[in-house]
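Asker: Following this message is one structure expressed as structure tokens.
We did not get these values from a lab; they are worked out from the coordinates using the rules stated. All figures in this text were calculated on a predicted structure; none of them were measured in a lab. Here the Cβ positions follow ideal geometry from the backbone for every residue, glycine too, while neighbour counts run over all protein chains shown.
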Amino acid sequence: MIKVCDTWYWFGEDKTLNTNGTGNFHAIGCYASKDLVTWEHRNSVVTTSTNPVLNNVNLIIERPKVIYNASTKLYVMWAHWDMESCSGVSGGYCDSEAVVFTSPTVDGNYTYVNHFQPGTNGSRDCALWQEPDGSAYFISTGGPGGNAAGDFRDTEVYQLSSDYLSVQNTTKIWASDTREAYAFWKVGGKYYGVSSGQTGWAPNEAAYLTSTGSIDGPWNNTFAPLGANNSTWSSQPTYVIPIVGSQTTTYIYAGDIWNSNNLSLSTYLWLPLTFDGTTWHLSYYAQWSINLATGVVSTN
């Protein structure tokens, strides 16, 4: 999710053709909305025709995230790159890399740049974070470059180069915590990072950590559950949307509800996060609304 002027743009994996439990790549879609309710499909910004390297039946691309580089005047997308099978062995996630794309317009056709293991580490679920000064970071589930069991227990933060196309420095922030599906937000000088445990397609209770320093820590070492039953209402985190209003700022938890038997039927969960002064909570509402001008949420 990225806001440009008065419009939100929502990027995601196009799984309309994934009618079973496999997640092979077809396209990355971009949708646009001015009210967060009515969405228009703008473009399939990355497809199997974008570059010959993407035309591979085993390819998996997941969790695309986009930020804007004011210096290069390019929108930069990072995502998780993997292969469904390798060396004749089925099971997937054989490459564990990141992939980078760029475009001069937010909803235009993106150009393939490269795919690689950042800092020679394996890389899977990922997120991007951008500071007001333009510095940016790539966060992913990582570990050693191999793919053995237990290799993906760490969370790595990589500072991006000035053009956002490569990594410069690496910091291990949550070592051996076995997390994935990251989303970050910042309130009053504190950073918050929510993530999921690693239970495959099955949801679990998302939890968050806090940092009073920066996105690369130091983070406290005790995960706080969001109090959203034992499955985060059957969802997995993907983004936290800040709505800055005239009366308050509301943070919306956005989650994926995966249908592992038919990924094309996967849906979404959006709920307002609430803060009681010490702890964040995620309560379920079958219907709710937000005034985008004021930022005020109504659950009636």
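Asker: Can you tell me which residue among LEU54, LEU59 is at negative phi and within 20 Å of the chain's Cα centre (by Cα)?
Answerer: One residue alone meets the criteria, LEU59.
Asker: Taking the range 275-300 only, how many residues are surrounded by 15 or more Cβ atoms within 10 Å (Cβ to Cβ) and without any contact (Cβ under 8 Å) to a residue 12 or more places away in the chain?
Answerer: Number satisfying all stated conditions: 0.
Asker: Which one is surrounded by the fewest Cβ atoms within 10 Å (Cβ to Cβ), of the residues in the range 35-63 that are of a type in the set (D, E, K, R) and part of a strand (DSSP E or B)?
Answerer: GLU40
Asker: Right, something else. Please list, ordered by first then second residue, the pairs with beta carbon atoms under 6 Å, 6 or more apart or interchain, first in the range 1-27 and closer than 20 Å to CYS126 by Cβ, second polar (S, T, N, Q) and part of a strand (DSSP E or B).
Answerer: Matching pairs, first to second residue: ALA27/SER44; ALA27/THR47.
For (1) within 18 Å of GLY200 (Cα to Cα); (2) polar (S, T, N, Q), each residue gets a yes or a no:
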site: PHE223; (1), (2): no, no
site: ASP256; (1), (2): yes, no
site: ASN259; (1), (2): yes, yes
site: ASP276; (1), (2): no, no
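Asker: Here's something else I'd like to know. Out of SER49, SER44, which single residue is over 19 Å from SER96 (Cβ atoms) and within 21 Å of the chain's Cα centre (by Cα)?
Answerer: SER44
Asker: Restricting attention to the range 162-190, and to residues there that are free of Cβ contacts under 8 Å to residues at least 40 places away in the same chain and more than 26 Å from LEU74 (Cβ to Cβ), which single residue is surrounded by the most Cβ atoms within 10 Å (Cβ to Cβ)?
Answerer: It comes out as ARG179.
Asker: Give the number of residues within the range 22-34 that are over 20 Å from ILE241 (Cα atoms) and either of a type in the set (Ser, Thr, Tyr) or exposed (fewer than 13 other Cβ atoms within 10 Å of the Cβ) (or both).
Answerer: 1
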